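Since the structure comes first, as structure tokens, the remarks are kept for the end.
The values are calculated or read from the model by the stated rules, or taken from the named source; none is laboratory data. Since this is a predicted model, take the numbers as computed values, not measurements. Here the Cβ is made from the backbone with ideal geometry for all residues, glycine too, and neighbour counts use every protein chain on show.
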Amino acid sequence: MQMTMRNNLCSRREGAGRGDIVLGIFALFLLYLLYDSGFFTAAAWQDFNRRFYQNFVKDSRYMMLVDGLKSTIFMTTGATLIGLAVGLILSVIRVAYKGGADIPMLNKLANTYITVLRGTPAMVQLLIWNFTIFASARDLNTQYIAILAFGLNSGAYVAEIFRGGIESIDPGQMEAARSLGLSYGTSMRFVILPQALRNVVPMLFNEFIALLKETSVAGYIGIDDLTRAGQNIQALTLEHSQPLVMVAIIYLVIVLFLTHLVRKLEEWLSRGRRG
Amino acid sequence: MKKIFALLLAVALCSCAFADEAKLKTTEQLKTERLAAQRGTVGQYIAEDLLGDKKGSLLTTYEKYVDAIAALRQGKIRAVVMDEMPAKRFLNEVEGLAIMDESLSEENYAIGFRKGNTELVSAVNKALAEMKADGTLDAIFAKYLNGDYTAVKPEDIDFNKGAKGGKLYVGTEAGFAPYELKVGTGYIGIDVEMCAVIAKKLGRELVIENMNFDALPMAVSTNKVDMICAGITVTDERKENMDFSDNYVVGAKQVAVVRADDYEK
């Protein structure tokens, strides 16, 4: 640890590292390409503006993106809540079984669930939920099906995150709590889980960020999410690049914002932590 | 060493991209060219027939027409096989495209149903026959083929909201103007207006489900929607898996869209 820190300090004092130089050259190259393609000429700007107007401003087309974003956020939030609940239940079953609880069948069930849902692509699961399991549910808002599909899928990952968090706590903690006369449940609730939670919060957040991006396949079952909204604009204006790049920028801004939140949260959680 | 290698690779790639090729003249030439089509459309089947054994290496299928046209303009492929009407719209809106004079085939469009749903098929056929007889269908086509249909507002189409007979779910892929197109939060297009009239004649409310084209057969066979209407070509292969209404478009041309500077008439 000390070694790497010292190395970092050294390289910083030397100025730009090799990576910065490569990046710089790359950026210059991109600028040259843009210049070469006539991007900086007045005509190109006019064309860019005209297409921008066509894609987003005319007939309030940006509202299609706004509605898509609403749908994306709605699905992500719903799926997150389901994922948390399912993940918590699954991890409790698995940890309790390891801790000596007599629930072999439940444990087997939880294991199977996690294996199957983590072992198949979320998009395939989404298609199965919509076209096989809920085939006859036509008045049901498709978004709810997507929430269920993404939520149950996420639950399998969240379960592993929780389990990892609980197992990362030194077994000595449990032994100490038990030796003080606390029951297994009480030690879990008041000694192990609070510490585990602190470890898993960043990972949970990352899972939700992944989930946000995962919902971009919802267009397949007819949901006009953010990605699909971009495609709808494409179909309307027959313009390929601008709607997609705009969609990418919106995703990126949300992800950056969430990442920023995680960092703040991490700082807040590690307040008063020793060592 | 790595850098030199990267440089060589870049040079090689560039020279590939700018290599001169003879211009396209006839559709016969397409048999050995890189082609593209929208996934699940009849354009894909036509391209597959053209290419024969070479379809594995030469055919690319895209989820959306916009993607296929972008690939064409970037030189990734030499021609897109698609329906003539949407192709014409691309020619109007996107620079540097051309349609090859020779068309590849002529197709008929019909509405698709779950296999064995004869009751609905005959009800829709009756409605279609009435629309053909009293000129309603012609009027809808005229509205979209002659006028500037981007001015059509979704809210002007009567979806027969609150109809007593329940809902009529129709699956479509709203990226196929002038047949179906999403505008704001609603839909316009020939198919949409036609289905609206059919729904009215059946005493039901029209509900549009917008999904990817290759998901439509799945949606109708699992009863997710009552019928699918998206400029669907009647083929023998499709007839094995779904039932069709009477044709509402006869002789829709399938054409090859190419780059204008790559085409010699």
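The residues listed here are A:LEU65, A:LEU84, A:LEU33, A:LEU69; of these, the one that is of a type in the set (A, V, I, L, M) and away from chain B (no Cβ under 14 Å) is A:LEU84.
Given the condition in contact (Cβ under 8 Å) with a residue 60 or more places away in the chain, within 23 Å of A:GLY87 (Cβ to Cβ) and away from chain B (no Cβ under 14 Å), answer yes or no: does some residue in segment A:130-143 qualify? No, segment A:130-143 has no match at all.
Of all residues in segment A:209-224, those satisfying the criterion of being closer than 16 Å to B:MET211 by Cβ, surrounded by fewer than 24 Cβ atoms within 10 Å (Cβ to Cβ) and more than 8 Å from chain B (Cβ to nearest Cβ) are A:SER216, A:VAL217.
Would you mind stating whether A:VAL262 is within 14 Å of chain B (Cβ to nearest Cβ) and under 20 Å from the mean Cα position of the chain (by Cα)? So A:VAL262 does not fit the description; no. Filtered by the rule that a residue be surrounded by fewer than 18 Cβ atoms within 10 Å (Cβ to Cβ) and touching a residue at least 60 places away in the same chain (Cβ under 8 Å), segment A:192-204 gives A:ARG198, A:VAL201, A:PRO202. From the list B:ASP261, B:ASP214, B:ASP243, the lone residue that is of a type outside the set (Gly, Ala, Ser) and in a strand (DSSP E or B) is B:ASP243. Is segment A:185-201 home to any residue that is more than 14 Å from chain B (Cβ to nearest Cβ) and not in a helix (DSSP H, G or I)? Checked against the condition, which is being more than 14 Å from chain B (Cβ to nearest Cβ) and not in a helix (DSSP H, G or I), segment A:185-201 yields no hits at all. When segment B:170-207 is limited to residues that are within 17 Å of B:ALA110 (Cα to Cα) and at the interface with chain A (Cβ under 10 Å from one of its Cβ atoms), the one that is surrounded by the most Cβ atoms within 10 Å (Cβ to Cβ) turns out to be B:THR172. In this structure, does B:ASP214 turn out to be modelled with pLDDT under 95 and either surrounded by 16 or more Cβ atoms within 10 Å (Cβ to Cβ) or of a type in the set (Ser, Thr, Tyr) (or both)? Against the criterion (modelled with pLDDT under 95 and either surrounded by 16 or more Cβ atoms within 10 Å (Cβ to Cβ) or of a type in the set (Ser, Thr, Tyr) (or both)), B:ASP214 qualifies. As for segment B:64-75, it holds no residue that is in contact with a Leu (Cβ under 6 Å, 6 or more places away or on another chain), within 23 Å of B:ARG238 (Cα to Cα) and not aromatic (Phe, Trp, Tyr). Could you tell me whether segment A:225-241 includes any residue that is surrounded by 19 or more Cβ atoms within 10 Å (Cβ to Cβ), modelled with pLDDT of 90 or more, part of a loop (DSSP other than H, G, I, E, B) and within 14 Å of chain B (Cβ to nearest Cβ)? Yes: one or more hits.
Can you name the residue in segment B:70-119 that is among the hydrophobic types (A, V, I, L, M, F, W, C), within 14 Å of chain A (Cβ to nearest Cβ) and under 22 Å from B:ILE190 (Cβ atoms) and, of all such residues, is surrounded by the fewest Cβ atoms within 10 Å (Cβ to Cβ)? Of everything passing the filter in segment B:70-119, B:LEU91 is surrounded by the fewest Cβ atoms within 10 Å (Cβ to Cβ). The C-beta contact set for segment A:9-28 (first residue surrounded by 11 or more Cβ atoms within 10 Å (Cβ to Cβ), second residue modelled with pLDDT of 80 or more, distance under 9 angstrom, 6+ apart or interchain) comprises A:ALA16/A:GLY24.
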